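The values are calculated or read from the model by the stated rules, or taken from the named source; none is laboratory data. Bear in mind the structure is a predicted one, so any value in this text is a computation, not a measurement. Positions of Cβ are backbone-derived with ideal geometry, glycine not excepted, and every protein chain shown enters the neighbour counts.
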Amino acid sequence: MSHALVTIPRVQWPLLRDLYKAHRKSSTAYSFLQCLINWVTHNPQLDVHLYSLDGDWQDDGTFLGSDHGVWYANTLAVSKLRLLDALNLLDKRVSYIICGFPERVRLVVEQHFLDQGLRNEDIRLLKTYWYHLDKHLALKYRIDTPKGFILKRLLPCNAQMVDDHWPYHGLETIHYVERLIRYNDSVGVFNKKHELVAWCLLLPHGALGMLQVLEGYRRRGIGSLLVRYMAKLLASYDLEVMAPVVHDNLIFRGMFKKLGFKVVDKTYWAHKPAVFE
């Protein structure tokens, strides 16, 4: 049986989002879909799309999301075969990344890579722990900025610096960072000279990310300040407070635990290189 990816009209995106209401703490679910809705509301020209398998998403919420060639995937179905069929419609000759998918679809993504022609040893997943904080705890946070520093929302002109210090930056990632700063909430810490020394952004998943404190400004509680600020901001919007932390980043894992975050899942990022037969 042949299948096709069918564009989900933007007017129906809220309906797809609402299917994930019971999964608000999950990655690539309610908050991710709300984020895309916000983006295209601000700028309808964005190259952001949602796709279903054969036009059927109402029953099990199976979808693929595309943001300028970066892919996202999820399903509510117990069987993940429809999600696998959808993923296998992606062009194997194109290199792409599948971002922030939850543990329960990991085997599907790995099988998709095998179906696309990769070997087991070629499959490399970046594993993160998916942290969640109860909103009532976030609303109790105190935001005390150290003397000599100010907190401000980032501007697109800050994107280059953020991208330069991002461990996963590449040739085109500057545009991704610019979109996050332009359309999502963010915060930066600036010193007396108005120099940016630390920052935290909001990922498309609706989660805190790209947390960075420059050398020379660490061990002053600035990282904790950024997380508390963003967490309280999200909670004030009645949004879930979530964050992925790379599994071997013991410093950040310890900080999130100290702040009251709890691990609720594992999430993964995976790059598929172009495959030519």
All positions within the range 46-85 that are touching a helix residue (DSSP H, G or I) at 6+ places or on another chain (Cβ under 6 Å) and of a type in the set (K, R)
K80
Residues satisfying the stated conditions in the range 133-176, i.e. in a helix (DSSP H, G or I) and among the hydrophobic types (A, V, I, L, M, F, W, C)
L137, A138, C157, A159, M161, V162, I174
Looking only at the range 33-88, and only at residues there that are closer than 24 Å to Q116 by Cα and β-branched (V, I, T), the one that is surrounded by the most Cβ atoms within 10 Å (Cβ to Cβ)
T62
Evaluate the following for Q58: is it at pLDDT 95 or above, more than 20 Å from the chain's Cα centre (by Cα) and within 30 Å of L171 (Cβ to Cβ)?
no
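Of the residues in the range 256-274, how many are more than 25 Å from L225 (Cα to Cα) and either of a type outside the set (S, T, Y) or in a loop (DSSP other than H, G, I, E, B) (or both)?
Total satisfying the criteria: 6.
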Within the range 65-118, can you find the residues that are touching a Phe, Trp or Tyr at 6+ places or on another chain (Cβ under 8 Å), more than 26 Å from A243 (Cα to Cα) and not charged (D, E, K, R)?
A86, L90
Hits in the range 119-132 (condition: assigned to a loop (DSSP other than H, G, I, E, B) and surrounded by 15 or more Cβ atoms within 10 Å (Cβ to Cβ)):
I123
Subset of the range 89-103 (residues that are of a type in the set (S, T, Y) and surrounded by fewer than 13 Cβ atoms within 10 Å (Cβ to Cβ))
S95
Criterion (buried (at least 23 other Cβ atoms within 10 Å of the Cβ), of a type outside the set (G, A, S) and at pLDDT 95 or above) met by exactly one of L214, L208, L196, L203
L208
Please go through the range 104-118 and pick out each residue that is farther than 29 Å from K25 by Cα and either crowded, with 17+ Cβ neighbours inside 10 Å or in contact with an Asp or Glu (Cβ under 6 Å, 6 or more places away or on another chain) (or both).
Q116, L118
Would you confirm whether or not the range 46-63 contains a residue that is touching a strand residue (DSSP E or B) at 6+ places or on another chain (Cβ under 7 Å) and among the polar types (S, T, N, Q)?
yes
With respect to D248, determine if the residue is modelled with pLDDT under 95 and over 25 Å from H23 (Cβ atoms).
yes
Residue hits (the range 65-96; hydroxyl-bearing (S, T, Y), closer than 13 Å to S52 by Cβ and without any contact (Cβ under 8 Å) to a residue 24 or more places away in the chain) are S66
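Look through V177, V162, V197, V187 and report the one residue that is touching a Cys at 6+ places or on another chain (Cβ under 8 Å), hydrophobic (A, V, I, L, M, F, W, C) and outside the structural domain of F32 (by TED's automatic domain parsing).
None of the others qualify; the one that does is V187.
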Give the range 110-129 a look and list any residue that's touching a His at 6+ places or on another chain (Cβ under 9 Å) and either polar (S, T, N, Q) or under 17 Å from M255 (Cβ atoms) (or both), or say none.
T128, Y129
Residues within the range 232-260 that are crowded, with 17+ Cβ neighbours inside 10 Å and either in the same structural domain as A73 (by TED's automatic domain parsing) or among the acidic types (D, E) (or both), tallied
1
